[in-house]
Amino acid sequence: MSLALDDPTIFLALQKGASQLQGQFVRGSNYTFLVEITLEEVSLTAVYKPVRGEQPLWDFPQNSLAKREVAAYLVSQALGWNLVPPTIFRRSRLPLGAGSLQFFVDHHPGDHFFNFSAADRARLRPTAVFDLLINNADRKAGHILRALDGRFWLIDHGVCFHVEDKLRTVVWDFAGEPIPVSLLADLERLLPALEKDAQLALELKPWLRPSEINALRRRAVGLLKDPTFPPPPTDRRSF
């Protein structure tokens with residue numbers, strides 16, 4: 001059954017469907033699995049990241065990475081950019097306990113940032129702004145998927161939203177360029193939703209610390225005040 005990624009059936013299945021392990025992704029630091037989710041006549045594939053499979057990090061709160069996957073999805077949706085596949089946090093009826101579930105996007109597995117064409121890279125300005133906003137500490141080449149229809153999707157957001165500047169990314173192509181006006185307008189629209197007790201702030205509250213939500217808003221304000229893609233930092237590893 002083919003489902004559009006905005007189909008509410010996807011979320012219902014992710015939240016309530018029966019799950020069965022299909023395999024494990026073995027190259028990452030944390031345990032990540034491919035699962036089949038079934039709810040009545042709906043069957044879909046999802047990426048499952050159990051909290052108990054997270055490796056402790058010295059600079060991120062313990063057992064928080066799966067929750068940050070959900071936060072990235074919520075921010076992407078609030079911006080209207082739809083960069084992150086549907087993602088939820090589920091606490092029960094999963095093989096290894098609570099964790100994030102993300103709709104698996106059929107994509108070209110051999111494609112990654114370093115073999116994209118110049119024209120394809122030029123389409124990644126929203127990705128670069130998104131990573132600046134969520135303070136992505138781990139945008140690897142393979143974390144940008146080209147779907148079978150040619151659309152780009154972003155995955156792996158477990159180490160984002162830190163209050164300190166942690167940006168590490170392969171996407172530095174636009175350094176020194178002005179951020180497009182259309183993207184700035186979306187950031188401007190996002191700001192009221194991040195005020196205390198506003199809609200997005202409340203949606204993020206279960207997944208991020210208050211200080212991290214405040215830092216997210218400060219980064220949005222900073223991008224609007226200085227609307228230029230920054231250069232790579234020279235005082236730390238930038239990729």
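The values are calculated or read from the model by the stated rules, or taken from the named source; none is laboratory data. Just so it is clear, the model here is predicted, and its values are computed rather than measured. Cβ sites come from the backbone with ideal geometry, for glycine too, and all protein chains shown count toward neighbours. For the accessible areas, the whole protein counts, side chains as well, though only heavy atoms, and no ligand, DNA or RNA atoms are used. Shrake-Rupley method; radii C 1.70, N 1.55, O 1.52, S 1.80 Å.
Data table
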| quantity | calculated |
| --- | --- |
| Computed over the chain: relative contact order in percent, which uses C-alpha pairs under 8 Å that are six or more apart | 17 percent |
| The range 197-239, accessible surface, carbon-and-sulfur percent (1.4 angstrom probe) | 55 percent |
| Beta bridge orientation in the chain: antiparallel %, DSSP, nearest 5 | 95 percent |
| Projected-area mean, the range 55-131, by convex hull of Cα positions, square nanometres | 7.2 nm² |
| Contour minus Cα-Cα distance for Leu57 and Lys166 (0.36 nm per residue) | 37.9 nm |
| Protection proxy ranking, peptides 194-202, 213-221, average beta carbon neighbours within 10 Å, highest first | 213-221, 194-202 |
| Percent carbon-and-sulfur accessible area, the range 1-156, ignoring ligands, DNA and RNA, probe 1.4 Å | 51 percent |
| Acute angle (nearest 10 degrees) that the helix 181-190 long axis makes with the longest principal axis of the chain, alpha-carbon atoms | 60 degrees |
| Difference of contour (0.36 nm per residue) and Cα-Cα distance, Phe11 to Val26 | 2.8 nm |
| Relative contact order (percent, whole number), the range 60-137, Cα cutoff 8 Å, 6+ residue spacing | 23 percent |
| Of Lys16/Lys140; Lys16/Lys196; Lys49/Lys205; Lys67/Lys225; Lys16/Lys49, those spanning more than 22 Å from alpha-carbon to alpha-carbon | Lys16/Lys140; Lys16/Lys196; Lys67/Lys225 |
| Descending principal axes extents, the range 95-239, alpha-carbon based, whole Å | 46, 42, 31 |
| Average accessible surface area per residue within the range 1-44, 1.4 Å rolling probe, Å² | 66 Å² |
| Probe 1.4 Å, accessible area per residue of the range 188-239, Å² | 65 Å² |
